[in-house]
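We did not get these values from a lab; they are worked out from the coordinates using the rules stated. Just so we're clear, the structure is a prediction, and the values are computed from it rather than from any experiment. Neighbour counts run over all protein chains shown; Cβ positions are idealised from the backbone, glycine included.
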Amino acid sequence: MIYTSKNSDLSSILGSTPDELETKGRGSDRVLLVSVVMLMMIGSLSVYSAIAYFAQSYGQPAGSFITGHLIKLGMAFVVMLIVSKMDYHFLARLSKPMLLVSWGLLIFVMLYGETVFGARRSLSVGGLSFQPSSLAAVSLILYLSTLIISKQEYIKDFKRSFVPAMVWTSITCLLIALEDFSSAALLMVISMALLFVGRMHLMQIGVLILVGILGAGGLIFSSAERTARVEQYLEQIVTVQSGEIAQGEGYQSQQAQIAIAQGGILGVGIGKSTQRDFLPAPYNDFIYAIIAEEYGLIGSGVVLFLFVVILFRGFVKIAAKAKDQLGLLLATGATLYITLYGFVNAAVAGGLFPVTGLPMPFVSYGGTGMIFAGVMTGILLNISKGVHPNNQPFYIG
């Protein structure tokens, strides 16, 4: 079993050369890559179908919108390939300045950002929209991983280890949560998972959970929209079976469930969705409902299966057999970043979670989130190059 040496430190890990750490002739994880490409293909077909009504309402052909989506999809793929060629230790060294820059951008967005659906989440530069929350999430995962490694000798010390980790995590999540509560909550979950894998004391992680719950409660009750979404989810006043058309927050969830019910096992057929005319943002937040309607249980099951494959490859084949501590933590964070977004998007469409507004990576209409999903996939692919079939499971301890 491979374990951490007492003499190992962050500088020795981040300062390692490719010759010392890379495995000659070892390629990236092909199963992971194929799974991502398949999600991109399914997403392109679904977005084209879902965006038809939206394009018509703007008096433009659907082809113009799908072209924009394919361009962003291509950008995400290129970014993924570029990052897969970069040593992830180099990216780790850039994580702190990246995180600080993202804080500044998040504050700037709150003051001068573009308002969409009642929230300021993006900056518009030269006709292109950019969401700093995605940069902040990726930067935090990178920096938190390096921070955990640098404090392994006293990882259970409250003041020297837990407090710095909590400060960086709390500030980042708070800045994101002010305008994008769902993304902040998901990032908090990923951060806690990294602290657990990094051997942080369970009682200390419990403190962070408590802080997160209290902060989440305060943010929810400070916003009438968030409160309405939670109340609708908890009370379930109007259901699909009632035959009544829900209003307000319940409308979105009901229309998504109708789409899933209409799809049945085999679906209504490609491009034959009717709920795309009623669902808000069917090409983004509720893309999974459109997939379930057009491709049925089988098609929607394939999408979830691909995310399960990514989860398995990321945890079992890459993180568990990474060549060093940083690879283990980054692979864990990257895998959760990609798969949790996918699972939550599907859960919202099925009525299991309150409406969140989170996209499905590589499937929803292209944007900043897709680009950074490509970054995280590229990091996973780069880490997989150092994985050997005969490696014993790696752990920090």
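As a length-normalised measure over Cα pairs under 8 Å and 6 or more apart, the relative contact order of the range 265-355 settles at 27 percent.
What shape does the range 273-397 take by its C-alpha gyration tensor, where a ≥ b ≥ c are the square roots of the eigenvalues and a/c under 1.5 counts as rounded, a/b above b/c as prolate, and the rest as oblate?
Details: a/c = 2.80, a/b = 2.32, b/c = 1.21.
It is prolate, given that a/c is not under 1.5 and a/b is the larger ratio.
Between Ser222 and Leu100, the simple spin-label model (points 7 angstrom out along Cα→Cβ) gives 2.6 nm.
Kindly state, to the nearest 0.05, the FRET efficiency for Phe196 paired with Ile265, given R0 = 35 Å and r defined as their beta-carbon distance. Once rounded, the FRET efficiency stands at 0.35.
For the range 86-222, what class follows from the C-alpha gyration tensor (a ≥ b ≥ c being the square roots of its eigenvalues): rounded when a/c is under 1.5, otherwise prolate if a/b is larger than b/c, else oblate? Don't jump to the answer; show the numbers that get you there.
Details: a/c = 2.74, a/b = 1.41, b/c = 1.94.
The shape class here is oblate.
Quick check: Cα centre of the range 70-99 to Cα centre of the range 198-222, how many Å? So the separation of the two Cα centres works out to 30 Å.
Treat the count of other C-beta atoms within 10 Å as a stand-in for reagent exposure and order Phe181, Phe221, Phe312 from fewest to most.
The order, fewest Cβ neighbours first, is Phe221, Phe312, Phe181.
You can think of it this way: the chain between Val207 and Met75 has 43.5 nm of extra reach, that is 0.36 nm per residue less the Cα-Cα gap. With each label modelled as a point 7 angstrom along the Cα→C-beta vector, the Ser170-Phe312 pair spans 4.1 nm.
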